[in-house]
Structures are given as C-alpha cells and as structure tokens.
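Participant: Pasting in a structure now, in structure tokens, and then I'll have a few things to ask.
The values are calculated or read from the model by the stated rules, or taken from the named source; none is laboratory data. Remember, it's a predicted structure, so these values are computed and weren't measured experimentally. No Cβ is skipped: glycine too gets one built from the backbone with ideal geometry, and neighbour counts run over all protein chains shown. Just so you know, the surface numbers come from the protein's heavy atoms only, side chains and all, with ligands and any DNA or RNA stripped out. Shrake-Rupley method; radii C 1.70, N 1.55, O 1.52, S 1.80 Å.
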Amino acid sequence: MNTRPALGAALRAPGATRSTALHAGAWWLWALGLAAAASRTTNPLLLALLITVAGYVVAARRTDAPWARAFRFFLALGALVVAVRTGFVLLLGSPIGGTTVVLVLPEVPLPDWAQGVRLGGRVTAEALYFAFTDGLRLATLLICVGAANALANPARLLKSLPGALYEAGVAVVVAMTFAPHLIADVLRLRAARRLRGRADRGVRSVLQVALPVLESALERSVALAAAMDARGYGRTAEVPAPVRHATTALTLGGLLGVCAGSYALLAAEGAALGLPVLLPGLAAALAGLRLGGRRSVRTRYRPDRWGWRAWAVSGSGAAVAAVLIHAASADPSALNPPAVPLAAPAFPLLPAAGIVLLGLLPAVLAPAPPDPPSTSSTGDSPR
Amino acid sequence: MIRFDQVSVTYDGADRPAVQGVDLTVPEGELVLAVGPSGSGKSTLLGTVSGLVPHFTGGTLAGRVTVAGRDTRTHPPRELADVVGTVGQDPLAHFVTDTVEDELAYGMESLGLPPATMRRRVEETLDLLGLAALRDRPIAALSGGQQQRVAIGSVLTAHPRVLVLDEPTSALDPGAAEEVLAVLQRLVHDLGTTVLLAEHRLERVVQYADQVLLLPAAGQPPVLGDPAELMARSPVFPPVVALGRLAGWSPLPLTVRDARRRAAPLRERLAGHGAGHGAGHPAARPAVPPQHRASSSASSASAAGPVLLRAEGLQVRRGRLPVLHGIDLTVRAGETVALMGRNGAGKSTLLAACVGMHRPAAGRIVLGEAGLVPHRTRPAVLLRHAGLVPQDPRDLLYAETVAAECAAADRDAGAPPGTCRELVTRLLPEVPDAVHPRDLSEGQRLTLALAVILTAAPPLLLLDEPTRGLDYAAKARLAGVLRELTAAGHAVVLATHDVELAAELAHRVVVLADGEAVADGPTPEVVVASPAFAPQIAKVLAPEPWLTVPQVRHALAPSAPSASSAGPDPERAAP
C-alpha cells in the first residue's frame, strides 16, 4: 500500500542543487541522440516535432545562467540556415527538377565559362520543398546542440574531463572568464579616450586601444599564472616510460577509431560498419586517457554524479535515435519523403510517438532548476 | 616559521639590490606588518616567502629563505603551496574558476587532497569567512570585500601555516577593509596562522600588528620589532602616530582608543585655542582648514567663485537599474569636494557623467557658465572644461615613453609643444623622458596622468580614487599639487575612500549611498559625526572638531613656537 506513493516521491524530480544536479554529459548525450535522430529524416513533420521536444525540455529545465540564455541564438541560427538554403535555390536553381512552377525570375545570361551555373529562371515548388526540408534538418541538428549548450553547465562539463585532459579544460575555463574581462577592458579604454580629447566612437577608436588592451591582458595572464603556480598548479607525479608510450598509442589509435566510426555512423551508408569501429576506438581512447591521468596528482572536488537520472536522460536520447534509425530502414518513404512528385508528407505514427514519449522524458526526470524567487532573494543578500 | 638568512634580491638589469641584508626570523602565529615607503622592497620581500621571487619574477636571490623548514631555493612556488598562501592586491587576478565554492576547492584539488577532506574544509572555510550564503554565486557578481574574502578563503583551505598578503585592503572601502582585517585577526587568534602583511594605509592595520617589519628605504636592511618603537622612527606612519609624535607621547599610541586616553590634556589646550580663534562651537568653525586659508587667502573665493559644475536631479541608469538618482550638486571655482560612500554607491558614475561618459536618464548636468552639456560635447572641446583622471591612470597612457606621452598630450589639447613636459617636470622632477609609463611607480604614474589632463588646463578637475596604492609621501605630494591648483582657481572633485585625504583637502564632503546624496556639507560637519568617515584625529580629539595633524600643529604653534619638539609635558599627558 505504501510503496506506491513512496515510489512516486522517489521518481519526482528534485530541485537541482550542487549535489542533485544532472551530469552535464548526460544532457550532451541526450541532445546528440536527438541530433542523430534528426540526421535520419527529412520529414518536416518529424523534424518540427524534434525541435519542439528539444525546445520544451530547454524551457522546462534550463537555469538563468548566461549560456542558458543563448538558446534563442541557436533558434535564430536555425532559421537563418533554412532561409539561406531556400534563398540559394530561389536564386541559383536546383538539380531537383519538378513541374510545379511557382514563379519565374528573370534569368541573367552568363558567359560560356560559367556553364552549369544559372542565375534566376524557373523556381519549382519541388525544389523549394526539398531545400526547405534539407535546411530544416541542418537547423534541427544545430538546435539540438543549442539545447545541450543551454542545459549543461560548460564549466561543470569541463570538470568531468578525464585527468589527462585537465590542462586543456583549465585553458578553456580561463579563456571563458578572460573574454568578458577583455571586452570590459576595450569598452573602458575606449571610453577613456574621451578624457584625452580623442573620439570615443567608430572603428578607429577600437583599433587604437588594441595595444593597451593587449598589454593589460598580458599583465593579467602573468598575474594569474603566478597565482596558479602559488596555489599548486602543475604538481606532477613520476610516470614510468612504458606507461607513457602505452598512453600515446592507445590515445592516438582510439581517436582514429572514434573518428572513422562516427563518420560511418552519421553517413548515409555504412551504419553496419560504424558501431564495430566506434566502440573499440572509444574504449582504447578512454583507456589511454585513464593511463594519462596517472601523471596528475589532482583530485576532484564534488564531481557531478552519474546517477540513474543521468542514465535515463542519456538513454532517452539514445532511444530516440534508435527508433528513427530503425524506422529509416523499415519505412524509408515516410522518413525521407521524395520531393518529386510533390505530396503532403506522411505522418509516421510510430517514430513520432517515439520522439515525443522518449525524447520528453528529461523534462520530467531531470532535476528542476531552482525557482526564480529563491534566486532573486539570494541576489539581494550581499547587501 | 619564516627564516631569512642574509637575504638579498637583485632583479635582472638593476644596478642595485631591491632588498638586501635581510636577516631575521618571523615566529609562528604572529601578525607581522611590513612597513615602508614605495619602492623599499616590501613586495619583493613578500614574494621571497612564497617562492614567486625569484622562481617566477626572475632575478637573483642570495642567502636563504626557509618557510616551515623548506628552502625556497629548492622548492618552487607550487611545492610550497601547502605551507604558504599568497593573496595579492587585485583579487580578480587570482581567481581560476567562476563560482565561490569551486574557487575555495581549487587549491586543494591541485594538492591532491581526498574528496572527503576537501568537502569538510570548504564548509569550514565558508563559515569561518562568512561566505556560506554566497557559495553558489558567480565570483564576478560579488563586491570587492567579498571577493577579497574569497581570495583569502581560497588559499586558507589548503591549511597553509603562513599567509602572505600584499596590500589586501588598498582597493576596498573602509567597511570592506574592516571585514577583511577582522578575518585576518580571527585567523591569527583561532588558527595560529602566521600572517605577513604589507599595506600602505597604516591607519587601517597598524593596530592589529604583533610586530612591524620596517623597511626604511630601498637597499637598507629591514628591522623587525615592536610596533610602537618602530613607528617612532618609521618614515611612514598613520595620523594617530603623527599626533603622538607631535604631542610627545611615549610609548606611541597606535590605536585611536589608546590615543584618546592620553589626549585629555591636549584636548583642553586645543579647546582654549578654539576660543582664542573666536569659534566657540563647531558650527562656527570655518570650513576651510587653516593651511588653506593661509595659502589661498588671496582668492578666498571658495563660496563665491563662478559655478563650474551644476547637476540638478541627475539620474543615470545602467540597463534599467538607476545608478544615480536625483543628484543635486554645485561645484564652484577654488573649491575641493570629496565624494565618499561605499563601493558601488555611484561615485565613479557621477564623475564619468561629468565628462559625458553617461547620458543622463533624467535631470541635467552642465559645465561652466557656458552651460556645456557633457555628453553632447565633442571630446576635444570638453577637454578644456573638465578633466578626469580615472581610477587606473594607465587607462589614459598609451604611448611608449613619457616624452611621447607628453607630445601626444600637447597635440590632443592643442597646447604649445612642451606644455605637458613642463608640467611633468614641475610635478615629477625625477622622471626621465625615455622611461615607459608602465614602469613608473603608482604615484609617478598618477602624477603623469594628472599632468596629461592638466595640459588642456581644464578649470574642473575630477579624480577617481587617486590615492590607491600611494604611500604617505606620494599622497602628501599629491595633496600639495591639488592645493596649489585650487588656489589658482581650479575646482577639484575627488571620489575617494581615503578619509584622511578627504579631511586634509576637501572643503566639502558629499556622501553617496545607493546612488543618492545622503549628506552634503562642510567637511568637519559631515565627517566628525560619522563613524565610518571620521579621520583618526577627529576620533581622538572629539568633540573638538580637529581633523588633521597640520591643523593641530598650526593651532599649537603660536603658544609654543616649537610645538613638535616641546609639546605638552609627559606628566600632563598621562591619563
């Protein structure tokens, strides 16, 4: 009798704090799963469904951090991709023939050496439709990446890097904190030009403060390097030579395998070959990274935990990808409807249900970000 | 705990050592304050303890420095990270991560401490420094005092036995400085940490020191000893010590409280002098400090000079947030006005609005009788009406040499060639032409920036936090220059945390809080009553309204012609 409410309470997503927050990697796996699914279809209905799912999860689970606010930018980028893709077809024509002429633009006569290129002329509905769906697929991929970017804290993601990649992670984190400083410096120095009676607007004013800005950036990096050194950065442990060589071999071989495998997986053909190459490559690379981590004496403070919610979120992405990969081979005409002859795209029920039911799981399962009122109250506290 | 053994440091290319003949031992659990004028080698000496000198800065270290038994010659800074914690003047240059909690853990991660230990120490440190409420906050969103506390916390988590701090409070307002110093006090008392501290603003820290490490001048061997004894012969000293020296008190009082106990007879004498001046109560006392009246008696225009700046209901917003709200301010020629208030109160914004860097959201601000609106005036014209020396004078200096900077300033201002160089020579006789502005000391750089601004001879001169990083000698020189300028009919507006400077220079003090002017009046009236903004002398001699040592000296002079040598006799000085 009592098990039911207890189970319900255990399933209900907790508020995201440092200890319950979802592993940043889980968000990326989920988003990459959606992206892989999107790469398998040009059906605009399914693509729109994927975008909606990604957007809904972002709306439900993002924080008010600066990177989370960048999702809008990715949506705009997606729209731009679709517009450019269709714009090109409008201007330059398309190899997709088609008979339904929508409009005829005046054709610009081009010289002989530009044979094969056409400016203006007939624009068919089929060509427009093909370009639109093709652009939409690319836009969906971008929006999925944008969703991961909005949901996963980049600093926490870099903290979960294996020890061997730690230096690279630090470089990125330092760069991320440096960029705002640099912009502030440029603005301040540019404003200060006014005090010398020089123009503080226009491109010239930015160029002329470049040198002082670089000087102060350099000074700041030297100060930071000193501070990091004084705080123990760069302490290393001794590693025997065979281990070092094994590390190099495993890492290089593994990365090659990962590259070849993921290419095969994402390309239209060769999915069968993809996984067998990808998985051993991944394993070798991970082993290499693990061995490489022996050089570092570092420990990690409160790393993100990979709990069952992380499994569920990354699994939901993988499941969506699996459903669409299966559907693409089982029912190719529904997932990649031909542009010629023009017809309303079918709405394949099974993949659609898969996308919605599986893809939306994180919106329920992932820990919820803290409520805005509580953040604003902490915002007032320092006074 | 720290042992210096015949240490001297010579930087590459320098013809003489930055410090030499250091031979002393800092015992465990002491708070030692390094005291000395600019360029006497305080930072170098501090750097040798963490190993950054010479491992990071280059140069040659002769002799031996050992910290907790480790020789810094064989241990680079990273190998000393678990025994020495270093905090500099600018906390932002120290942070590696972006949130408070990660920053506290960073040093421990580098040392490879077990996760459970790290977690416990982070929680302890959050409580010790009062940072628990800020643990998830991005560091960039904290105030200056909070950032400095995070910086201290970030080195404390490694449980260092020595803490080295180079001017930790010089960028902070008085309240934030108290916060940081209270933390240091607590570390010394509760954890037995050895603290080695350098600071220019001695009035803030000297009372906390167990011992003083005096560096009398560049190249002279430093002396470690009792604070009161060394303050008696130190070339740099806070106002309370100056008063003690003037009155001939021995041993010298270092705190306002000690000085007050001794000051009863002095107060009586001064009260008599007040009556002799014909000013029985504070309100009737003239707002202009005596030395001003002496130097600028001819102009005496402080009340009636032409208006150089007028702000009415001035409002400035950043985004939707009002930074300034309904400011009314009038500045006349020959006047010095000090803007005070905590960090973020809007002082810098008000100064920037005067030179048109912000467009007023409401109200108006005009310059001079011509009624110039700053943000609509071309920079080249504005230059001749108002000049601002920003918080970091380096923002104004672009050229590679002092000479090139001067030539550029002449061109910018349309002044005859040589004008700026002449000003520099007058203000800074010792600076050669070929030196790079970034190689100057803080004080020299500020003076160079001031000369650059003065080349255009603006009647209104604005200075943002001019005494940051200046020692007492440089500050006195700046005060002299500014006094001459007001005597010549300029108006000076200073935004400053330095209550001693405000007391010495300003005719009027305007206190800003949350973008509103909460007080505006003659310096003695505003400053004496305020616990945060009262200078040390005012606290010692209250309720008598004396603000600075020169005032007291001046008042005592007629009755005792050699006041500094004679003073009140020691018997009367005893409480």
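Participant: Might you let me know whether the stretch B:136-145 holds any residue that is open to solvent by less than 10 Å² (accessible area, probe 1.4 Å), under 29 Å from the mean Cα position of the chain (by Cα) and modelled with pLDDT of 90 or more? Let's see the steps before the verdict.
Facilitator: Restricting attention to the stretch B:136-145, the residues satisfying the condition of being open to solvent by less than 10 Å² (accessible area, probe 1.4 Å) are B:139, B:145.
Okay, now just the ones that are also under 29 Å from the mean Cα position of the chain (by Cα), so B:139, B:145.
Subsequent filtering for residues that are modelled with pLDDT of 90 or more retains none.
Taking every residue of the stretch B:136-145 in turn, none turns out to be open to solvent by less than 10 Å² (accessible area, probe 1.4 Å), under 29 Å from the mean Cα position of the chain (by Cα) and modelled with pLDDT of 90 or more.
Participant: To continue, here is another question. Among the listed residues A:Ala312, A:Ala343, which satisfies the condition of being open to solvent by less than 80 Å² (accessible area, probe 1.4 Å), in a helix (DSSP H, G or I) and among the aliphatic types (A, V, I, L, M)? Step through it out loud before you land on a result.
Facilitator: Numbers: A:Ala343 fails: in a helix (DSSP H, G or I).
It is A:Ala312.
Participant: Output the helices (runs of 4 or more DSSP H) that fall wholly within the stretch A:139-242 and possess 2 or more residues being within 11 Å of chain B (Cβ to nearest Cβ), touching a helix residue (DSSP H, G or I) at 6+ places or on another chain (Cβ under 9 Å) and at pLDDT 80 or above, or say none.
Facilitator: Working: elements: A:154-159, A:166-193, A:203-208, A:210-230.
It comes to A:154-159, A:166-193, A:210-230.
Participant: Suppose we filter B:Ala560, B:Ala532 for residues that are more than 14 Å from chain A (Cβ to nearest Cβ), touching a strand residue (DSSP E or B) at 6+ places or on another chain (Cβ under 9 Å) and modelled with pLDDT under 90; which single one remains?
Facilitator: Details: B:Ala560 fails: touching a strand residue (DSSP E or B) at 6+ places or on another chain (Cβ under 9 Å).
The match here is B:Ala532.
So that you can scan it fast, the table gives a plain yes or no per residue for (1) at negative phi; (2) open to solvent by 10 Å² or more (accessible area, probe 1.4 Å); (3) touching a strand residue (DSSP E or B) at 6+ places or on another chain (Cβ under 8 Å):
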residue: B:Glu504; (1), (2), (3): yes, yes, no
residue: B:Val510; (1), (2), (3): yes, no, yes
residue: B:Asp514; (1), (2), (3): no, yes, yes
residue: B:Thr523; (1), (2), (3): yes, no, yes
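Participant: Right, here's the next one. Restricting attention to the stretch B:432-444, and to residues there that are open to solvent by 20 Å² or more (accessible area, probe 1.4 Å), without any contact (Cβ under 8 Å) to a residue 60 or more places away in the chain and not hydrophobic (A, V, I, L, M, F, W, C), which single residue is nearest to the other protein chains (Cβ to nearest Cβ)? Can you show your working first?
Facilitator: Looking only at the stretch B:432-444, we keep the residues that are open to solvent by 20 Å² or more (accessible area, probe 1.4 Å), and these are B:432-436, B:438-439, B:441-442, B:444.
If we keep only those that are without any contact (Cβ under 8 Å) to a residue 60 or more places away in the chain too, we end up with B:432-436, B:438-439, B:444.
Applying the additional criterion that residues be not hydrophobic (A, V, I, L, M, F, W, C) yields B:432-433, B:436, B:438-439, B:444.
Values: B:Pro432: 21, B:Asp433: 19, B:His436: 10, B:Arg438: 7, B:Asp439: 12, B:Gln444: 17 Å.
So, considering only residues that are open to solvent by 20 Å² or more (accessible area, probe 1.4 Å), without any contact (Cβ under 8 Å) to a residue 60 or more places away in the chain and not hydrophobic (A, V, I, L, M, F, W, C), the one nearest to the other protein chains (Cβ to nearest Cβ) is B:Arg438.
Participant: Only one of these is touching a Lys or Arg at 6+ places or on another chain (Cβ under 6 Å) and open to solvent by 20 Å² or more (accessible area, probe 1.4 Å): A:Val108, A:Val101, A:Val145, A:Val173. Name it. Show your work before the answer.
Facilitator: Numbers: A:Val108 fails: touching a Lys or Arg at 6+ places or on another chain (Cβ under 6 Å); A:Val145 fails: touching a Lys or Arg at 6+ places or on another chain (Cβ under 6 Å); A:Val173 fails: touching a Lys or Arg at 6+ places or on another chain (Cβ under 6 Å).
Exactly one residue qualifies, and that residue is A:Val101.
Participant: Could you grab me the full set of residues in the stretch B:398-407 that are under 16 Å from A:Leu195 (Cβ atoms), open to solvent by 10 Å² or more (accessible area, probe 1.4 Å) and more than 8 Å from chain A (Cβ to nearest Cβ)?
Facilitator: B:Ala399
Participant: I've got another one for you. Considering each residue of the stretch A:52-63, count those that are touching a helix residue (DSSP H, G or I) at 6+ places or on another chain (Cβ under 8 Å) and under 15 Å from A:Asn149 (Cβ atoms), and give that number.
Facilitator: Taking the stretch A:52-63 as the starting set, the residues that turn out to be touching a helix residue (DSSP H, G or I) at 6+ places or on another chain (Cβ under 8 Å) are A:53-58, A:60-62.
So of that shortlist, the ones also under 15 Å from A:Asn149 (Cβ atoms) come out as A:54-55, A:57-58, A:61-62.
Qualifying residue count for the region: 6.
Participant: How many residues are more than 24 Å from B:Ala133 (Cα to Cα), of a type in the set (D, E, K, R) and at the interface with chain A (Cβ under 8 Å from one of its Cβ atoms) when one looks only at the stretch B:59-102?
Facilitator: Looking only at that region, the number is 3.
Participant: Report, by residue number, each residue of the stretch B:52-74 that is within 20 Å of B:Arg161 (Cβ to Cβ) and open to solvent by 50 Å² or more (accessible area, probe 1.4 Å). Break it down stepwise before answering.
Facilitator: Our first condition is that a residue be within 20 Å of B:Arg161 (Cβ to Cβ); within the stretch B:52-74, this holds for B:52-53, B:55, B:64-74.
Hits for the stretch B:52-74 are B:His55, B:Arg64, B:Gly69, B:Arg70, B:Arg73, B:Thr74.
Participant: Look through B:Leu470, B:Leu494, B:Leu448, B:Leu463 and report the one residue that is within 14 Å of another protein chain (Cβ to nearest Cβ) and not in a helix (DSSP H, G or I). Break it down stepwise before answering.
Facilitator: Values: B:Leu470 fails: within 14 Å of another protein chain (Cβ to nearest Cβ); B:Leu494 fails: within 14 Å of another protein chain (Cβ to nearest Cβ); B:Leu448 fails: not in a helix (DSSP H, G or I).
One residue alone meets the criteria, B:Leu463.
Participant: Return the residues of the stretch B:334-393 that are open to solvent by less than 10 Å² (accessible area, probe 1.4 Å) and more than 13 Å from chain A (Cβ to nearest Cβ); say none if nothing qualifies.
Facilitator: Answer for the stretch B:334-393, where residues must be open to solvent by less than 10 Å² (accessible area, probe 1.4 Å) and more than 13 Å from chain A (Cβ to nearest Cβ): B:Thr336, B:Val337, B:Ala338, B:Leu339, B:Met340, B:Gly341, B:Gly346, B:Leu350, B:Ile365, B:Leu367.
Participant: Return the residue satisfying two criteria in turn: it lies in the stretch B:202-257 and is within 17 Å of B:Glu178 (Cβ to Cβ) and of a type in the set (Ser, Thr, Tyr), and of such residues it is surrounded by the fewest Cβ atoms within 10 Å (Cβ to Cβ).
Facilitator: Within the stretch B:202-257, the first condition is being within 17 Å of B:Glu178 (Cβ to Cβ), and the residues that meet it are B:202-209, B:238, B:240, B:254-257.
Among the residues that remain, those that are also of a type in the set (Ser, Thr, Tyr) are: B:208, B:255.
On the way: B:Tyr208: 19, B:Thr255: 15.
Per the criteria, the residue is B:Thr255.
Participant: Can you run down the residue pairs with Cβ atoms below 8 Å, 6 or more apart or on separate chains, where the first is in the stretch B:212-231 and in contact (Cβ under 8 Å) with a residue 24 or more places away in the chain and assigned to a strand (DSSP E or B) and the partner is open to solvent by 40 Å² or more (accessible area, probe 1.4 Å) and among the hydrophobic types (A, V, I, L, M, F, W, C)?
Facilitator: As it stands, the answer is B:Val212/B:Leu224; B:Leu213/B:Val223; B:Leu213/B:Leu224; B:Leu214/B:Val223; B:Leu214/B:Leu224, since those pairs meet every condition given.
Participant: Suppose we filter A:Leu29, A:Leu91 for residues that are free of Cβ contacts under 8 Å to residues at least 60 places away in the same chain and surrounded by 13 or more Cβ atoms within 10 Å (Cβ to Cβ); which single one remains?
Facilitator: A:Leu91
Participant: Residues of the stretch A:296-309 being open to solvent by 80 Å² or more (accessible area, probe 1.4 Å), away from chain B (no Cβ under 12 Å) and either touching a helix residue (DSSP H, G or I) at 6+ places or on another chain (Cβ under 7 Å) or in contact (Cβ under 8 Å) with a residue 40 or more places away in the chain (or both), which ones?
Facilitator: A:Trp306
For every residue, the table says whether it meets (1) at the interface with another protein chain (Cβ under 10 Å from one of its Cβ atoms); (2) of a type in the set (Ser, Thr, Tyr); (3) buried (at least 23 other Cβ atoms within 10 Å of the Cβ); (4) without any contact (Cβ under 8 Å) to a residue 24 or more places away in the chain.
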position	(1), (2), (3), (4)
B:Met108	yes, no, yes, no
B:Pro114	yes, no, no, yes
B:Ala151	yes, no, yes, no
B:Ala171	no, no, no, no
B:Ala182	no, no, no, yes
